[in-house]
Amino acid sequence: MVIFETYATFLRLGVVNGMNRELPYYLGVGKTEEAHEFARNTLAFSLLNILFLLLIVPFIILNFEFNSTYLACISVAVFRSTTAFYTTYLSGTFRTSDHFNKLSNIQFIILISKLLLSPLIFFWGLYGFLLIEVVLTSFNLLLLHKYRPMHIKPSLKWSVILTLMKTGVPLFLTSYLISVIDTIPRLFILSYGNELLLGLYSPVFIIISTLAILPTTLGSYYYPKLTYLFGQNGSALQVWRKIKKLYLATLIFTVPAILFGYLILDDVIKLFPKYISSLPYIKISLLMGPLVLAKLGNFLNVILKKEAHMGIYVISYAFFQVVSLFILYQFYNDVLFCVVWSQVISSLCLLILSFLTNQRVAEKYSIIKIK
């Protein structure tokens, strides 16, 4: 069902990604009507996505024999997928500081609701989990709709949709390919190790995924702000300076936190005796902390719509990940050791490359603008 939801996102064809970039940029430039036109068409396209998905679902169900449990799961998956088309569009329209405060409040309310509803899993098991998903999805939909910043009617113009796709498809593909590359370490463990090693890797994966929340959150918050700023003054260097400040702030924040985590790990791991063998790898994974903003290496390229550099970023990430894995594996028989160090090395190389490339792109773009 999760796979179904993942593939359902392909129906967006990058249109929402295009709106997320163009809406704040055109607002920054001062072309409010054009910005609203992008939003109206994205809304109409999102509604078409919902209709199309609902039309094809019956054909999927009729071709398989589902019991009541599977039918309950696919019903919730379809509900989440269809509402996601609309809520993703709505989230992309929160673009000012005041709007972001409202969006943050909504996300906080959903988080608290999730914690309060979690005991339903203990009472009703899987059906309790499905009920939580329905309630949270509905609650999120209602709140986003109620506090939506743009009260507009849908309007479908294929010329505008194609413009959004032209911008959005490279952004969507870049994001998707990065998520695929992120699966390489786990595939390597299954290919050269076994399921037990994959289980021992899970605490490392949790730490790396938790650290990755930081660039994701920063990206969600600053992406529209910096795109709006770029629309206002067209200064790539000013945008890059602000991104560099994010790197510095993250470094100052993560280093003490990682040192603290390292000091308490030996005691904390005793609470999870099955994962004691994971301890050396968990300690290595903490080195990812200062390098985690390598995930923001494509930030400037997206804002400037530098598609060639987006491709370089993705190819470089895959290259660093694969090459480091197989080089390490030539010298060490410890699969987990190779995987964890490969992620550290890949992130370090990607961070250095991104930093140097972004500096050059910002300077070159500014020279071109001056000419």
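The values are calculated or read from the model by the stated rules, or taken from the named source; none is laboratory data. A quick note: this is a predicted structure, and the numbers were derived from the prediction, not measured. As a convention, Cβ positions derive from the backbone with ideal geometry for all residues, glycine included, and neighbour counts pool all protein chains shown.
Here are the numbers for this structure:
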item: Counted residues, the range 266-276 - those being surrounded by fewer than 14 Cβ atoms within 10 Å (Cβ to Cβ) and in contact (Cβ under 8 Å) with a residue 12 or more places away in the chain; result: 2
item: When residues of the range 191-243 are limited to those that are of a type in the set (Lys, Arg) and touching a helix residue (DSSP H, G or I) at 6+ places or on another chain (Cβ under 8 Å), the one nearest to residue 300 (Cα to Cα); result: 242
item: Residues of the range 235-246 classified as surrounded by fewer than 18 Cβ atoms within 10 Å (Cβ to Cβ) and part of a helix (DSSP H, G or I), total; result: 6
item: Options 333, 301; residue that is assigned to a loop (DSSP other than H, G, I, E, B) and not small (Gly, Ala, Ser); result: 333
item: Residue match in the range 102-112 (condition: assigned to a helix (DSSP H, G or I) and either more than 23 Å from the chain's Cα centre (by Cα) or not assigned by TED's automatic domain parsing to the domain that holds residue 12 (or both)); result: no
item: Residue tally, condition within 25 Å of residue 223 (Cα to Cα) and not in a helix (DSSP H, G or I), over the range 50-97; result: 4
item: Residue 350 part of a helix (DSSP H, G or I), modelled with pLDDT of 90 or more, in contact with a Gly (Cβ under 7 Å, 6 or more places away or on another chain) and within 30 Å of residue 194 (Cβ to Cβ); result: yes
item: Members of the range 164-201 that are of a type in the set (S, T, N, Q) and either outside any helix (DSSP H, G or I) or in contact (Cβ under 8 Å) with a residue 40 or more places away in the chain (or both); result: 167, 174, 175, 183, 194
item: Members of the range 7-56 found to be more than 26 Å from the chain's Cα centre (by Cα) and aliphatic (A, V, I, L, M), listed by number; result: 29, 55, 56
item: Test: residue in the range 63-75 that is polar (S, T, N, Q), without any contact (Cβ under 8 Å) to a residue 40 or more places away in the chain and surrounded by 14 or more Cβ atoms within 10 Å (Cβ to Cβ); result: yes
item: For residue 308: the one exception among (1) among the hydrophobic types (A, V, I, L, M, F, W, C); (2) touching a residue at least 12 places away in the same chain (Cβ under 8 Å); (3) exposed (fewer than 14 other Cβ atoms within 10 Å of the Cβ); result: (2)
item: Candidates 212, 236, 249 - the one that is under 17 Å from the mean Cα position of the chain (by Cα) and either among the polar types (S, T, N, Q) or assigned by TED's automatic domain parsing to the domain that holds residue 274 (or both); result: 212
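The rows are residues; the columns are (1) in the same structural domain as residue 348 (by TED's automatic domain parsing); (2) within 26 Å of residue 351 (Cα to Cα); (3) of a type in the set (A, V, I, L, M, F, W, C).
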position: 268; (1), (2), (3): yes, no, yes
position: 273; (1), (2), (3): yes, no, no
position: 276; (1), (2), (3): yes, no, yes
position: 280; (1), (2), (3): yes, yes, no
position: 290; (1), (2), (3): yes, yes, no
position: 296; (1), (2), (3): yes, yes, yes
position: 300; (1), (2), (3): yes, yes, yes
position: 306; (1), (2), (3): yes, yes, no
position: 310; (1), (2), (3): yes, yes, yes
